[in-house]
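Below is one structure, written out as C-alpha cells; the observations come after it.
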Amino acid sequence: MENENGEEDERSTTCLWMLPEGCIADILALTSPIDVRRLSLVSTSVRSAADSDSVWAIFLPSDYRSIISRSLTPIPDFRSNKDLYVYLCHHPVLIDEGRKSFSLEKRTGKKCYFLSARDLNIVWSDAPEYWNRTSPPESRFPEVAKLKIVWWLEIWGTIKAGILSPLTSYTAYFVYKIKDGYGFYHRPSEVSVGISGVESGNVRFVYSGL
C-alpha cells in the first residue's frame, strides 16, 4: 500500500507477517483459496499459515468425507487438507457407483457435479433399437449412452439442491459428442432449467452442430 505522498507505507506491508501464525491463519480462512495461494508468497511465516490444515479445512466442503466415501475407487491418503483440496480440483471423483462425478472449483472450492447417462432420464434408453451403451476412452464415466436412431429425443436430469454449495449461482451444461456431422443445427433442441414440480418459464432453443 502507498501513503498519500505516493510512498510505500512500511507499517501496512509488514503487519500481516508480524502477527502470530495462528492469527494469520484465522485471517486467511476468511478469504478464498486463490487469495491464500497469492498471499503465501508474501513471507515464510504467511506461507506456513497458508499451508495449515485449519485454513484448508474451511475451504473443503463440510460433507466432503461423506462424498468421497462413495467413491468408485479408493481416494489416496494425503498429508494435508491442502493436498486433498488440490487433488479434488484436478481429479474428478466418480461417486454413487460411477453415476456421478464430483470435483471442486479451484478458485472458490465450490462443489461441481456431473451426472452420467445412467443418472439421467432418457426416453427409450432401454430400447436397444434406439440406444446402446458404450465405453469411449475419453469419457470420465465407465459408460455413456449412444444414440442409434430415435424419433423423439427427450433427456432430463435432477439433482438435490441440498448437495450443492450454499449461496452459490450454478450453471448447467449438457455435454455430448456429435458424430458424422449430425447435430441440432437444423432441428434445434429445447432446453430449460428449473425446480422440480414447478413449471419453468425459462425455456430456450439451442442450435448446435458441426
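The values are calculated or read from the model by the stated rules, or taken from the named source; none is laboratory data. Owing to the predicted nature of the structure, the values given are computational and were not obtained by experimental measurement. Because the Cβ atoms are built from the backbone with ideal geometry, glycine has one as well, and the counts that use them run over all protein chains shown. Surface accessibility is based on the protein's heavy atoms, side chains included, excluding ligands, DNA and RNA. Shrake-Rupley method; radii C 1.70, N 1.55, O 1.52, S 1.80 Å.
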Here, trypsin sites (Lys or Arg not before Pro) of region 117-192 satisfying both criteria (DSSP loop; at most 14 other Cβ within 10 Å) are Arg140, Lys148, Lys160, Lys177, Lys179
The answer for chymotrypsin sites (Phe, Trp or Tyr not before Pro) in region 38-102 that fall in a DSSP coil and have at most 14 neighbouring Cβ atoms within 10 Å is Phe78
Expressed as a percent, the accessible surface of the chain that is carbon or sulfur, using a 1.4 Å probe and the full set of protein chains, is 54 percent
accessible surface per residue for region 16-59, probe 1.4 Å, DNA/RNA/ligands not counted, whole Å² -> 54 Å²
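Compute the length gained on full extension between Val123 and Ser165: take 0.36 nm times their separation in residues and subtract their Cα-Cα distance, giving the result in nm to one decimal.
My answer for the length gained is 12.1 nm.
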Expressed in nanometres to one decimal, the distance between label points 7 Å along Cα→Cβ at Glu199 and Phe174 is 2.1 nm
Label model pair Cys23, Trp156: point-to-point distance (7 angstrom along the Cα→beta-carbon line) in nm is 5.7 nm
Counting only DSSP loop positions in region 9-103, the GluC sites (Glu not before Pro) whose Cβ has at most 13 other Cβ atoms within 10 Å are Glu97
Checking Ile195, Ile95, Ile34 against a Gaussian network model of the chain (alpha-carbon springs below 10 Å), the top fluctuating residue turns out to be Ile195
Taking the chain, the lysine pairs whose C-alpha atoms sit under 29 Å apart (8 or more places apart or on different chains) add up to 25
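Restricting to the chain, what percent of DSSP beta bridges are antiparallel, rounded to 5?
Bridges in the chain are about 100 percent antiparallel.
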Under the 7 Å Cα-to-Cβ spin-label approximation, Glu143 and Asp77 lie apart by a distance in nanometres of 3.5 nm
Note: Ser192 to Asp96 extended length (0.36 nm per residue) minus current alpha-carbon separation gives 32.0 nm
Region 16-67 and region 74-144 have their Cα centres apart by a whole-number Å value of 28 Å
Asserting the computed 222 nm helical MRE of the chain (DSSP H runs at least 4 long, -39500 (n - 2.57) per run, divided by residue count, to nearest 500) equals -6500 deg cm²/dmol
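How large is the accessible surface per residue of region 99-191, computed with a 1.4 Å probe and reported in Å² as a whole number?
Result: 75 Å² of accessible area for each residue.
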Per the rule of 0.36 nm per residue minus the C-alpha distance, extending Thr134 to Ser62 adds in nm 22.4 nm
